[in-house]
Amino acid sequence: MIGDPSEYPADLENQGQRQVDHSVMLIQLIYVSSAKQELSDAELDKILESSSHHNAGQQVTGMLLYSFGNFMQVLEGPAEAVDAAYNRICADPRHHHIFLLSREEISERHFEKWHMGFHRVTRLDADAHPAFAPLFANGFNAEQLGAKAGQAMELLTLFRDNN
């Protein structure tokens, strides 16, 4: 799995990247979007490799879920870097129907082990987590998640903890 925590030190501050300025405000941003077309494993691998590499240089961490042509992603890091990453995503022609679920200041990262963790959500995940299945069983339901943004974070955390 690209973005596997074992590939990255848990302490991102000491891995040869820029030193973290603890006075910089950290934010967490969560969005959902639809791919213009279903992506192959090779296309997803390419996106993940590029994202992970870019995020490492910007002190951005997070996780990407992919379900039936839909994305849910959480990005964490300095506000300027996270907002820049989100703006690139919004301009990416592979995405449409982008829906910002939340953008908030955080005191600590929740996905600090990954520059870009990843999980392809399947029907097996729906069977294993029936309480969350309505949120992702046929792709991510932006309206339902938007009404309950806290559930998006619970879902991301669930897959973080199971990867």
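The values are calculated or read from the model by the stated rules, or taken from the named source; none is laboratory data. Because the structure is predicted, anything quoted here is derived from the model rather than measured. Counting neighbours? That spans all protein chains shown, and the Cβs are built from the backbone with ideal geometry, glycine included. What goes into the accessible areas is simple: the full protein's heavy atoms, side chains included, and nothing from ligands, DNA or RNA. Shrake-Rupley method; radii C 1.70, N 1.55, O 1.52, S 1.80 Å.
Across the range 108-140, the number of residues qualifying as open to solvent by 60 Å² or more (accessible area, probe 1.4 Å) and in contact (Cβ under 8 Å) with a residue 12 or more places away in the chain comes to 7.
Quickly run through the range 59-91 and pick out the residues that are modelled with pLDDT of 95 or more and of a type in the set (Val, Ile, Thr). Passing the criteria: 60, 61, 74, 82. The residues of the range 64-106 that are within 17 Å of residue 27 (Cβ to Cβ) and basic (Lys, Arg), listed by number, are 88, 103.
Of all residues assigned to the range 108-116, none qualifies as being assigned to a helix (DSSP H, G or I) and among the acidic types (Asp, Glu).
Within the range 30-46, residues that are modelled with pLDDT under 90 and among the hydrophobic types (A, V, I, L, M, F, W, C) have Cβ atoms under 8 Å from residues that are part of a helix (DSSP H, G or I) and open to solvent by 10 Å² or more (accessible area, probe 1.4 Å) in these pairs: 39/47, counting only partners at least 6 apart in sequence or on another chain.
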